[in-house]
1. Only one of T14, T54 is under 15 Å from A82 (Cβ atoms) and in a loop (DSSP other than H, G, I, E, B). Can you tell me which?
2. For the structure I just gave you, tell me whether L9 is surrounded by 22 or more Cβ atoms within 10 Å (Cβ to Cβ) and either within 21 Å of A176 (Cα to Cα) or free of Cβ contacts under 8 Å to residues at least 60 places away in the same chain (or both).
3. Looking at the stretch 17-51 only, could you name the residues that are assigned to a loop (DSSP other than H, G, I, E, B) and over 13 Å from I188 (Cα atoms)?
4. Residue by residue through the stretch 127-155, note down the ones that are within 21 Å of V100 (Cα to Cα) and either charged (D, E, K, R) or in a loop (DSSP other than H, G, I, E, B) (or both).
5. Identify all residues within the stretch 146-172 that are surrounded by fewer than 22 Cβ atoms within 10 Å (Cβ to Cβ) and among the polar types (S, T, N, Q); write none if there are none.
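Any read-out appearing in this document is the output of simple, stated calculations on the displayed coordinates, not a laboratory observation. The structure presented is a predicted model; accordingly, all values stated were derived computationally and were not measured. Cβ placement follows ideal geometry from the backbone for every residue including glycine, while neighbour counts extend to all protein chains displayed.
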Amino acid sequence: MKKETRLILALDETDAEKALRIADSVSEYVDAIKINWPLVLSAGPEAITRLAKTSDVICDFKVADIPNTAELIVRGAVARGASAVIVHAFTGEDSLGAAVRAAGRAEVYAVTEMSHPGGLTFTSIHAEEMVKMGERCGVSGFIAPATRPDRIRGLRKVAGSLKIISPGVGAQGGSAGAAISAGADYVIVGRSIYSSDDPPAAAKAVCAEIRSAL
């Protein structure tokens, strides 16, 4: 995944054609497009392949299953054209390792702490342990919350040079500049871009905020 703007668009649109139009319109401002189940369930898995023609695609499937199932999901996403897949780390080293092996040359990002308030209940308590486990398993990086920059800062100390991508910017209240300043490599922005009346202008504004924090 390239590292030019450091902006990842979370494209949770459920209209496939609209999603493709938005992706095309913001392509110069984003390093990757992250899609989740809402788009895949409405548009089908071919949405991965279609979007991959525009940008690197991160499948945010938050895989949380036994090793065999994790392997099948990751392998299927990569076969469709995904450049990366997001998986949960709490399932343990065997499942996480299976996901990494199934990805081949594609990247795997492990969720260590979620960005919503509920993320404080369980995932944040064990986040540092999951980072250490992810490093042993060979993941490319981790998910850390832009809504809590202090947690990005703390997880960066454990993650070393591995990548950190941070969701929660915009609608959830996180700041792109604060996340980058705290140690995130990329920020993930969704509704404030794709629901905007002018998605390219909204993406451009986030890019400017990121640059100001570098």
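1. Working: T14 fails: under 15 Å from A82 (Cβ atoms).
So the residue among T14, T54 that is under 15 Å from A82 (Cβ atoms) and in a loop (DSSP other than H, G, I, E, B) is T54.
2. In short, yes.
3. V26, S27, E28, G44, P45
4. Here is the first cut: in the stretch 127-155, the ones within 21 Å of V100 (Cα to Cα) are 127-144, 155.
If the condition is that a residue be within 21 Å of V100 (Cα to Cα) and either charged (D, E, K, R) or in a loop (DSSP other than H, G, I, E, B) (or both), then E128, E129, K132, E135, R136, G138, V139, S140, A144 are the ones that fit.
5. Selection gives S161, Q172.
One line per residue, one yes/no per condition, for (1) part of a helix (DSSP H, G or I); (2) in contact with a helix residue (DSSP H, G or I) (Cβ under 6 Å, 6 or more places away or on another chain); (3) of a type in the set (D, E); (4) under 16 Å from I22 (Cα atoms):
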| position | (1), (2), (3), (4) |
| --- | --- |
| G177 | yes, yes, no, no |
| S181 | yes, yes, no, no |
| A184 | no, yes, no, no |
| V187 | no, yes, no, no |
| S196 | no, yes, no, yes |
| A201 | yes, no, no, yes |
| V206 | yes, yes, no, yes |
| E209 | yes, yes, yes, no |
